[in-house]
Amino acid sequence: MTTTANAAYPLETFGPYGPIPNGDGGYQIGAGNLKEVSFGNMSAPSTYDETATAITNLDLETGLVVFTSSSTANLALPTVAAFEAEVSSPKIGSFFDFALLCTSSGVATITVGTGWTLVGSGAGVASKAVQFRARKTSATTWSMYRIAG
């Protein structure tokens, strides 16, 4: 077994493993290629109009809720129980962000139900986006904070 006392340098040659790959399918956070764009994955967002009444879990998971109507509507979050049935084991303190984009003169308002607490306004802004952060606060509750817009 090779030890650090007799390690060959550079470190990429240490041990029975080959060199660390550079840009071929690896995943690196931090001191990588600083001028490269950091990409994520996102499903296509669904659009809502004045006939909509509830936001689906999938739309929360994409991170974008799009409201296209020139009228107003309330969009209800799923109950915490329904949301957590489709989310993998969030711990207290876990969070996710999502945006509400109103693409016309209409305004949608996010409403909360069983298990949710709204901190700030749930109202969107016509022709603009607002951002929310949802945070698990206990075994059975989440808080939704308006953080931008």
Write down, largest first, the equivalent ellipsoid semi-axes of the range 47-148 in whole Å, where each equals the square root of 5 times an eigenvalue of the alpha-carbon gyration tensor. 23, 13, 11
Counted charge near residue 78, where neighbours are those whose Cβ lies closer than 13 Å (Asp, Glu -1; Lys, Arg +1): -4
Which residues' amide hydrogens lie under 5 Å from the amide hydrogen of residue 74, considering only partners 5 or more residues apart or on another chain, with H built in the peptide plane? 109
Dipole of the range 47-148, positive end: most advanced residue of 87, 120, 52 [Cβ charges, Cα centre]: 120
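Where a number appears in this text, it was derived from the coordinates with a stated rule and is not lab data. Small disclaimer: the values here were computed from a predicted structure and weren't measured. Counting neighbours? That spans all protein chains shown, and the Cβs are built from the backbone with ideal geometry, glycine included.
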